[in-house]
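Since the structure comes first, as structure tokens, the remarks are kept for the end.
The values are calculated or read from the model by the stated rules, or taken from the named source; none is laboratory data. Remember, it's a predicted structure, so these values are computed and weren't measured experimentally. In this analysis, Cβ positions are derived from the backbone assuming ideal geometry, glycine residues included, and neighbour counts consider all displayed protein chains.
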């Protein structure tokens, strides 16, 4: 009997503690869009990406032009000349794809630039979210800008404005 009473007491205490914990949500996209450094960094990244994209696009057009020229001249070429041209086209295309990977790959220039420019800002926002969560006694905070399937949010639990205030952003 004592075990049952003890189990009920622990269950009640756990239920009471769960009820005391609060939760909230933020929209990090909305927060980041209001951080001037983030907007500037995004603009810089877009400019760089656009330049690299144009360069890759022009190089691919050169490869395509070389291929079309090869197709037109193919009947007049002997076997050795055909192989040489095909190898030239293939190596040129590989080089363009390697350059593209160097710009846009996981360890490419754009990824490194993003880490340098954006990650410090995201870290600052994350710290502000953690501070607000601690101040409000929130057990957990959901980012609704990345969460799928949320169909309703109660504005009472929105911590976005408090995070913006913590970051000194209007």
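What tally of residues in the stretch 28-67 results from selecting those that are in contact (Cβ under 8 Å) with a residue 40 or more places away in the chain, farther than 16 Å from residue 97 by Cα and touching a helix residue (DSSP H, G or I) at 6+ places or on another chain (Cβ under 9 Å)?
13
Please go through the stretch 54-77 and give me each residue that is surrounded by 15 or more Cβ atoms within 10 Å (Cβ to Cβ) and within 30 Å of residue 111 (Cα to Cα), ordered by number.
Within the stretch 54-77, 56, 59, 60, 63 qualify.
Suppose we filter the stretch 100-125 for residues that are over 14 Å from the mean Cα position of the chain (by Cα), part of a helix (DSSP H, G or I) and surrounded by 16 or more Cβ atoms within 10 Å (Cβ to Cβ); how many remain?
Selection size over the stretch 100-125: 3.
Counting just the residues of the stretch 147-164 that are within 13 Å of residue 32 (Cα to Cα) and either modelled with pLDDT of 95 or more or out of contact with any strand residue (DSSP E or B) (no Cβ under 9 Å at 6 or more places or on another chain) (or both), which one comes out surrounded by the most Cβ atoms within 10 Å (Cβ to Cβ)? So that I can check it myself, show each step before the final result.
Residues of the stretch 147-164 that are within 13 Å of residue 32 (Cα to Cα), as a first pass: 160-161, 163-164.
Subsequent filtering for residues that are either modelled with pLDDT of 95 or more or out of contact with any strand residue (DSSP E or B) (no Cβ under 9 Å at 6 or more places or on another chain) (or both) retains 161, 164.
Working: 161: 14, 164: 19.
Here the residue is 164.
Looking only at the stretch 78-114, count every residue that is in contact (Cβ under 8 Å) with a residue 60 or more places away in the chain and farther than 18 Å from residue 48 by Cβ and tell me the total.
Residues that pass the stated criteria total 0.
From 25, 70, grab the single residue that is at pLDDT below 95, touching a helix residue (DSSP H, G or I) at 6+ places or on another chain (Cβ under 9 Å) and not in a helix (DSSP H, G or I). Spell out the reasoning first.
Details: 70 fails: not in a helix (DSSP H, G or I).
So the residue among 25, 70 that is at pLDDT below 95, touching a helix residue (DSSP H, G or I) at 6+ places or on another chain (Cβ under 9 Å) and not in a helix (DSSP H, G or I) is 25.
Can you say whether residue 80 is out of contact with any helix residue (DSSP H, G or I) (no Cβ under 9 Å at 6 or more places or on another chain), surrounded by fewer than 11 Cβ atoms within 10 Å (Cβ to Cβ) and assigned to a helix (DSSP H, G or I), as far as the supplied structure shows? Write out each step before concluding.
Values: out of contact with any helix residue (DSSP H, G or I) (no Cβ under 9 Å at 6 or more places or on another chain): yes; surrounded by fewer than 11 Cβ atoms within 10 Å (Cβ to Cβ): yes; assigned to a helix (DSSP H, G or I): yes.
Spelling it out, residue 80 is indeed out of contact with any helix residue (DSSP H, G or I) (no Cβ under 9 Å at 6 or more places or on another chain), surrounded by fewer than 11 Cβ atoms within 10 Å (Cβ to Cβ) and assigned to a helix (DSSP H, G or I).
Keeping to the stretch 126-161, report how many residues are assigned to a helix (DSSP H, G or I) and under 15 Å from the mean Cα position of the chain (by Cα).
Count: 1.
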